Amino acid sequence: FSFLLGAMVLKNTPSMENRVSREFEKLDVDKDGSITLQELTVGMRRLGVPVSDSAAKELFDRVDKNHDGKLSSAEFSAFCEVRIRHLREVYDGLDSDKNGALSSLEVKHAVESLGMKVSSEELQHMMSSLDPEGKGGVDFE
């Protein structure tokens, strides 16, 4: 689930710092400068991340370094920075031709390496979701 939270932060914002700040603001529903367990759980679900209460609590406890029952901007930022760096490593590993964009063939190989089959139609749907502008590949940003 922590991997998915990192992926949430990557969506449609210009820089890592801005991404993290915007995501923190979205999750901090009551605008008190911190994220509660409830805000994190509801926010992840609202963004389409299927997270159980226990998994959200486990993630929350890992991120809440000072164990005060809330996530500060600094705690959230530090966690996201590590997750984004990890996502970049995974992305770079999938980009077999090292051109900076994942092609449909690279996405297909990634899915198949997980032991799953993907039809041409499913692959096309995945690529449309990952590359809504139709650039022909999925870049990291």
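The values are calculated or read from the model by the stated rules, or taken from the named source; none is laboratory data. Owing to the predicted nature of the structure, the values given are computational and were not obtained by experimental measurement. Positions of Cβ are backbone-derived with ideal geometry, glycine not excepted, and every protein chain shown enters the neighbour counts. Accessible surface areas use protein heavy atoms only, side chains included; no ligands, DNA or RNA. Shrake-Rupley method; radii C 1.70, N 1.55, O 1.52, S 1.80 Å.
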Next on the checklist: Averaging over every viewing direction, what projected area does the convex hull of the Cα atoms of the chain cover, in nm²?
Outcome noted: 9.1
Next on the checklist: Using the Karplus curve 6.51 cos²θ - 1.76 cosθ + 1.60 with θ = phi - 60°, what ³J(HN,Hα) values do you get for each residue of region 130-140, in whole Hz, with x for Gly and Pro?
Outcome noted: 7, 10, x, 7, x, 6, x, x, 10, 8, 5
Next on the checklist: At 1.4 Å probe size, what's the solvent-accessible area of Lys70? Round to the nearest 10 Å².
Outcome noted: 90
Item to check | lysines whose Cα lies under 27 Å from that of Lys65, excluding same-chain neighbours fewer than 8 positions away | outcome: Lys11, Lys26, Lys31, Lys57
Next on the checklist: At a 10 angstrom cut-off on C-beta neighbours, averaged per residue, how do the peptides 71-78, 123-130 rank from highest to lowest?
Outcome noted: 71-78, 123-130
Checklist outcome for this item: Which residues qualify? For Val138, with a placed amide H closer than 5 Å and at least 5 residues away or on another chain, they are Leu102, Ser103
Checklist entry - P(r) tail for region 15-74, what percent of Cα pairs lie past 18 Å? => result 31
Item to check | Under 14 Å, Cβ to Cβ, from Glu39 - net charge with Lys/Arg +1 and Asp/Glu -1 | outcome: -2
Checklist outcome for this item: Extension length gain for Arg45 and Asp139 (0.36 nm per residue less Cα distance), in nm, is 31.3 nm
Next on the checklist: I want to verify the translational diffusion coefficient of region 94-140 in µm²/s; compute it with Stokes-Einstein, Rh as the Kirkwood radius over Cα pairs, at 20 °C and 1.002 mPa s.
Outcome noted: 199
Checklist entry - In terms of solvent-accessible area of protein heavy atoms at a 1.4 angstrom probe, what is the ranking of Glu39, Glu25, highest value first? => result Glu25, Glu39
Checklist outcome for this item: Measuring from the longest principal axis of the C-alpha atoms of the chain, the long axis of helix 53-63 (C-alpha) lies at a number of degrees, nearest 10, equal to 80
Next on the checklist: Assuming 0.36 nm per residue, please report the length gained on full extension of the stretch Asp92 to Asp68 beyond their Cα-Cα distance.
Outcome noted: 5.0 nm
Checklist entry - Rolling a 1.4 angstrom probe over the protein heavy atoms, how many square angstrom per residue are accessible across region 80-141? => result 68
Checklist entry - With all protein chains present, how much of the accessible area of region 94-140 (probe radius 1.4 Å) comes from carbon and sulfur, to the nearest whole percent? => result 54
